[in-house]
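Right, one structure below, let's go through it.
The values are calculated or read from the model by the stated rules, or taken from the named source; none is laboratory data. All of these numbers come straight from a predicted model, not from anything done at the bench. Here Cβ is always computed from backbone atoms with ideal geometry, including for glycine, and neighbour counts include all displayed protein chains. Surface areas here come from the heavy atoms of the whole protein model, side chains and all, with no ligands, DNA or RNA. Shrake-Rupley method; radii C 1.70, N 1.55, O 1.52, S 1.80 Å.
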Amino acid sequence: MSDTSSLSPVASEIGHLKEQFIEKSAAVVLSEVEIASLVQVSFWSGADEKGLFGLLNEDIKVMHTAPQTFLLLSSKPDLIRELEEMVSEEQAVLTDLSHSRTMFRLSGEGTCALLSKGLSLDLDERSFAFHTVKQTTIAHMGVTCYRTAADTFELLVFRSLAGSLLTWLVEAGHREGLRVA
Amino acid sequence: MSGYRIAKPDHEKNVQFTFNGKTYSAYEGETLAAALMANGVGLIGRSFKYHRPRGVFSVGNEEPNALVNVIHPDGLEPNTLATTLEVYEGLEARSQNCWPSVNFDAGAFNSLLSPLFSAGFYYKTFMGWSNKHWMFFEKHIRKAAGMGEATVEADRSVYEKKNLFCDVLIVGAGPAGLSAALALAPTGARVILADENAKFGGSLRGKGASINGQSGGAWAQDAMAYLKGFDNVTLLSRATVYGYYDDNTLAAVERVSDHLPHGDRQGQVRQRHLVVRPTKVILATGALERPILFGDNDRPGVMLASAVAAYVQQFKVSPGREIVFFTNNDTVYDAVDEIFAAGGRVKAVVDVRQTLTAYAKEIVQRHKLDVFVGSAVQRTKGRKKIQSVLLADGQQISCDVLGVSGGWTPTIHLQSQQGDAPVYDDILFSFLPGRAHEDYVSIGGCVGHFDTKTALGDGLSAARQVKGELGLKSEVENLDYVVSPSAPWSIAPVFEIESAKGKTFVDLQHDVKITDIKQAKQEGFLSVEHLKRYTTLGMANDQGKTSNVNALSVMAKERQLPLSEVGTTRFRPPYAPVSIGALSGGEFGDHFRPTRRTPMHDWHISHGAEMINTGAWVRPRVYKRDGETIEDAYIREATAVRASVGMVDVTTLGKIEVIGPDAPEFLNRVYTNAWLKLPVGKARYGVMLREDGIVFDDGTTWRLSENRFLMTTTTANAASVLTHLEFLLDVVWPELKVKVVSVTEQWAGLAIAGPNSRAVLTKVLSGIDMSNEGLPFMGVRDGVLASIPVKVARLSFSGELAYEVWCPSHYGFAMWDQIYKAGEEYDMTPYGTEALGTLRIEKGHVSGPELDGRTTVDDLDLSWAWGKKDFVGKVLAGRDGLRAEDRAQLVGLVSLEGQAIKPGSHLIAAPGAPSLGHVTSTTFSPVLGKYIALALVKGGRDLVGEKRIASYPLQEIAQEVEIVKPHFFDPDGSRMHV
């Protein structure tokens, strides 16, 4: 393998921001989360969707993003190879999107306040439950928003827009008390 | 303490501020209007048209007169209301619309010419001769009239936006709104209570009238303290809800730090724009007092009666030393009572009614007031300050403040914005909200329930109603309020004093007089919508909050119709002015719009690329070397490609996977040419049309496996092509078993072009036979580049031996760098969009400027791609208009004068002759040593060999060009097939 150390589109920015935003008692902690595997599964009409999910291990996050369409996120590489063993071409179409997105995690008591500056979504737990996903925009950028806890969200964004979204998150977050990890 | 300050406010800090360059003292929490009054300053500014002296008229955002410029470190803010602006240490304000000073204003000369400046004067005098004539006068008219002057400096303040969601939004924290909030808070409902003022309480603030044994003000403070204890209740002060839109969406502006000294604002947000999406809305927006119309009713010192009382009660400042009231209703007597209770004095009351109510009599007797019953103020006397009022019976009363009450106008802007037409009530003599609405409930003053007891009861009822509609299980407490009596509703329907002398202003902010309304009626502007636009009535910053009903009454009288039949205009957002900064939020500079960067972005920057925005993408335009111009750079880059090898970042192309057993059939229907027999491992160029037969997009599509294709689109059309394909699959051909997935972001791509491109790739690629036979033209192969998995397609946009190399995006930088280094021995030259354009223009390949949404396959000389089978757009492409012989056709142009041909130039046969077409793309061609262009010219293919003029009249540029075939270089394509 050649030099592929710069796999993140925002590696250098994150490096600078880590030095700039170091407040330990920050209300929001912002970090980039590596995506090892991201696969879109598009089921054909009439295919058994639930059957597949029974076979998946707990490491995999399943995001229902459109009718018959799911994004599967894993911290392990080669998820698509595993899925190819489990899913036939008659059941669904698999598309490897592991390099297409960047993921940011926001956590801390100020997370909802930060996100409300850009997300036109009701972040109350009754409207946006844990382990559910919503697709919307922040500052004209499409984001897939996954809630993992009361004050923890993961945002998937197009790789090419990662720099712009990071800039927006820092701008929106620095008044809330931000640490970049 | 000045003669106007009755008492020092409790616990408030002393601050210094300047007005018109002079320093004054005030207390934090006071408005600028209150602070100026306390210092005896009554002249605030000059009026819009006649430059008449004006003072403070009201106590809130209904203010028509007291508008000032505020100077702060982040810029200048004109048209700021002195009645809502809170003073702070270092505040600097000045009068506006006056020169050289507010005391001596040269513009006051206009007042002498006022008979000329009636409604429609500008339309009749300066418009209609010619456009040039109006353009000349307009700037002078605007300079003489108008409000404050906007700054040309960038606003350096910080703004932000926020989205809020709740079960119930309560707009207005007066008695009705507070009562609703108190009732809802224990239910657990998510409640937002928003009020435009710094302190909650509305009409209760400073009031002595008691609720449950407490003064109104104290009760409101306790209510706020109680509400603060609930996590489910959000209290927003200084937050003006200005718009009520569809789907129960409301907009508000929260003034976060406008009241703070400059030093305390550093890094703080100035204003926050809020978009609120509640399930239910309770509108408790109250009511505004309106004046009675009489002569010279605009002099400084003429105020709304309730405002006079509010300055005394809330700020302990008396607006004058001799206060007289003029009324047609009983609420003034409450004001009188409150003023005395707060330590102020009232000299007399002029009441147009023939008899006083018992309620009024009791107050009059208690305070031993002089009352002029059955009388009316005919006009005021004075110049820069009222000195006396002249009654209709000839009596004159000296005074320096005249508080006027003509009744109350419910604040129904938000209901009206929802489209609910106001309904006139001839008991209240005001408009009320129209039909009941499923999304909101109106309570308190805005539905004409002006007394405190009823308003509190309204709040409870509304809470119960929305609780039921929300399905909340907790019960609303049965709160009971014991309230001291308020003034009974007793009003005489007197809107204007007919015997008035002098100028009688209806709209103080736009200087619209009764005579203007009469003139509008005489000239046929009968509809209230026409009246508004002809006279500009109600169109200023205050949106006619204190003038609308009076204006309608004047028109009703002129038309001899009941006021209910005259109707009213519909209110539109915003209810109060909103700064542009708040609307834009943080969306400026780097945040104006997001930008998309390719994985090779940092490489381009570090190698001297000058970047250019193409849509949201940022791409290298040229890689400039020292001393090079853009033209120098792209000529060098294009020359290097033809001579040896170059590489360009093509990651931005749209990429769509088309998957499924019916994918070949689907592509066959989408593209004009045939796709059923494309072998695996081959690519094909395709053209797709819109339904109307116009060319939509083009690109190559690669067959990766039996049922999987990779379609590429132009950068600009990536999203719209995907939408088009999804529409066709979902709606037109749902029976086709095909999925389309955007993979634009998954793949990074580069094109390597030039005679040495194969040699370079052979050095670094493994797993692919790179010979002409092993990877033929339009072939697609999988391989490995230094452990990076890649797809290589032998395609050429440049007309050279060329390849596109794709890899998963995270490896894009490494792939680019490896290939660049491998090419160094061949003088590898990275090239940008300029050289990319040069190379494709030399080859006559079409791109965005030619695919302009107006061209057909034949126009672009792509008829070879017209298949016999059916495809999207085929039927409508056969329309006569799209097959006409005189359609503009793609041709090439060569400059005969050695000059660049400007894109957008039109081709003409002779000066003044009609256009034959236009230039789409231009460049200098290094291989020809000439400036060339592509153009769309009527019947162009028959004109090859002829000369025409390329004219660009905007810059008076014209030059002779020769029309040629669009393929300037290597027309048989031999260089691509080696």
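If you take every residue apart from B:Ala500 with its C-beta less than 10 Å away from the C-beta of B:Ala500, what net charge results, scoring Lys and Arg +1 and Asp and Glu -1?
Here the count lands on 0.
Projecting the Cα atoms of B:Leu851, A:Gln40, A:Phe53 onto the dipole axis of the protein assembly as shown, where Lys and Arg carry +1 and Asp and Glu carry -1 at the beta carbon, places B:Leu851 farthest toward the positive end.
What residues in the stretch B:801-847 lose 30 Å² or more of accessible surface when the other protein chains are added to their chain alone (1.4 Å probe)? Residues shielded by partner chains are B:His810, B:Tyr811, B:Ala814. Over all alpha-carbon pairs of the stretch B:624-680, lay out the pair-distance distribution in 5 Å bins, whole %, shortest bin first. Once binned at 5 Å, the Cα pair distances of the stretch B:624-680 give 4, 14, 13, 13, 9, 8, 10, 11, 10, 6, 2, 0. Among the listed pairs B:Lys763/B:Lys791; A:Lys18/B:Lys624; B:Lys385/B:Lys532, a Cα-Cα separation exceeding 25 Å is found for A:Lys18/B:Lys624; B:Lys385/B:Lys532. Measuring max minus min along each principal axis, the C-alpha atoms of the stretch B:284-423 give extents of 47, 32, 31 Å (largest first). With all protein chains in place and ligands, DNA and RNA left out, the 1.4 Å accessible area ranks B:Val978, B:Val964 as B:Val978, B:Val964, largest first.
Need one number: the % of Cα-Cα pairs in the stretch B:394-447 sitting beyond the 13 Å mark.
For the stretch B:394-447, the fraction of Cα-Cα distances above 13 Å is 65 percent.
Once the convex hull of the alpha carbons of chain A is built, what does its volume come to per residue, in cubic angstrom?
Cα-based convex hull of chain A, divided per residue, equals 129 Å³.
At a threshold of 20 Å², the residues of the stretch A:162-181 that become less accessible to a 1.4 Å probe in the full protein assembly than in their chain on its own are A:Ser164, A:Thr167, A:Glu171, A:Arg175. Across the stretch B:675-685, rounded Karplus estimates of 3J(HN,Hα) from the backbone phi angles (6.51 cos²θ - 1.76 cosθ + 1.60, θ = phi - 60°) give 10, 5, 9, 5, x, 4, x, 10, 10, 9, 7 Hz, Gly and Pro being marked x. For the stretch B:403-503, a/c is not less than 1.5, where a ≥ b ≥ c are the root eigenvalues of the C-alpha gyration tensor, and a/b does not top b/c. That puts it in the oblate class. Here is the tail figure for the stretch B:705-832: Cα pairs spaced more than 22 Å apart come to 43 percent of all pairs.
Rounded to the nearest 20 debye, the dipole size of chain B about its Cα centre is 1460 debye, using +1 on the Cβ of Lys and Arg and -1 on the Cβ of Asp and Glu.
Rolling a 1.4 angstrom probe over the stretch B:811-861 with all protein chains present gives an accessible area of which 41% lies on carbon and sulfur atoms. Accessible surface of the stretch B:144-294, 1.4 Å probe: 48 percent of it comes from carbon and sulfur atoms. With helices defined as uninterrupted DSSP H runs, which ones in chain A have an alpha carbon span along their own long axis of at least 15 Å and mean Kyte-Doolittle hydropathy of at least 1.0? Correct list, ordered by number: A:162-173.
Normalised by 2.2 N^0.38 Å, with N the number of residues, the alpha-carbon radius of gyration of the stretch B:483-528 equals 1.71. Three principal axis extents of the stretch B:454-501 based on alpha-carbon atoms, in descending order, are 62, 26, 12 Å. Remark: accessible area buried at the A-B interface is about 3700 Å², both chains counted, probe radius 1.4 Å. Counting only Cα atoms, the stretch B:551-622 measures 80, 19, 16 Å along its principal axes, largest extent leading. Here the mean projected area of the convex hull built on the C-alpha positions of the stretch B:222-361 is 13.9 nm². Reducing the stretch B:665-698 and the stretch B:515-543 to their Cα centroids gives an inter-centroid distance of 61 Å.
Residue pairs exceeding 32 angstrom between C-alpha atoms, taken from A:Lys50/B:Lys677; B:Lys368/B:Lys513; A:Lys134/B:Lys677; B:Lys869/B:Lys930; B:Lys228/B:Lys368; B:Lys228/B:Lys473: A:Lys50/B:Lys677; B:Lys368/B:Lys513; A:Lys134/B:Lys677; B:Lys869/B:Lys930; B:Lys228/B:Lys368.
Here is the result for the stretch A:140-181: no chymotrypsin sites (Phe, Trp or Tyr not before Pro) lie in DSSP coil with at most 14 other C-beta atoms within 10 angstrom of their C-beta. Ignoring everything except DSSP H segments at least 4 long, calculate the 222 nm mean residue ellipticity for the protein assembly as shown; use -39,500 (n - 2.57) per segment, divide by total residues, nearest 500. It lands at -6500 deg cm²/dmol.
Shape call for the stretch B:31-82 from the C-alpha gyration tensor, a ≥ b ≥ c root eigenvalues: rounded (a/c under 1.5), prolate (a/b greater than b/c) or oblate? The shape class here is oblate.
Candidates B:Pro679, B:His449, A:His16 compared by Cα position along the dipole of the protein assembly as shown: farthest toward the positive end lies B:His449, with charges placed on Cβ. Ordered from highest to lowest accessible area with the whole protein assembly present and a 1.4 Å probe, B:Glu558, B:Glu745, B:Glu153 read as B:Glu153, B:Glu558, B:Glu745. What the pair-distance distribution of the stretch B:921-978 shows, using all Cα-Cα distances binned every 10 Å from zero, is 19, 46, 27, 7, 1 percent.
Tell me the per residue accessible area of the protein assembly as shown using a 1.4 Å probe; a whole number in Å² is fine.
40
Pop out the Kirkwood hydrodynamic radius of the stretch B:698-758 from its pairwise C-alpha distances, inverse of mean 1/r, in Å to one decimal. Result for the stretch B:698-758 stands at 13.7 Å.
Taking all Cα-Cα distances within the stretch B:123-202, those exceeding 15 Å account for 74%. First check a/c for the stretch A:90-181, with a ≥ b ≥ c the square roots of the eigenvalues of its C-alpha gyration tensor; if it is under 1.5, answer rounded, and if not, answer prolate when a/b is larger than b/c or oblate otherwise. Cα axes put the stretch A:90-181 in the oblate bin. A P(r) calculated from all alpha carbon pairs of chain B, with 20 Å bins opening at zero, reads 12, 31, 24, 24, 9, 0 percent.
Here the stretch B:769-847 yields Rg over Rh of 0.98, to two decimals, using C-alpha coordinates and the Kirkwood radius. Going by a 1.4 Å probe on protein heavy atoms, which residues of the stretch B:725-752 end up with at least 50 Å² less accessible surface in the whole assembly than in their chain alone? Output list: B:Lys737, B:Lys739, B:Val741, B:Glu745, B:Gln746. Across the stretch B:797-804, computed HN-Hα scalar couplings (Karplus, 6.51 cos²θ - 1.76 cosθ + 1.60, θ = phi - 60°) run 9, 8, x, 9, 4, 8, 9, 10 Hz from first to last residue, x flagging Gly and Pro.
Projected over all directions and averaged, the alpha-carbon convex hull of the protein assembly as shown occupies 52.2 nm².
Stretching B:Arg879 away from B:Val978 to a fully extended chain increases their span by 31.5 nm, per 0.36 nm per residue minus the current alpha-carbon distance. Across all directions, the shadow cast by the convex hull of the stretch B:513-563 built on its C-alpha atoms averages 3.1 square nanometres.
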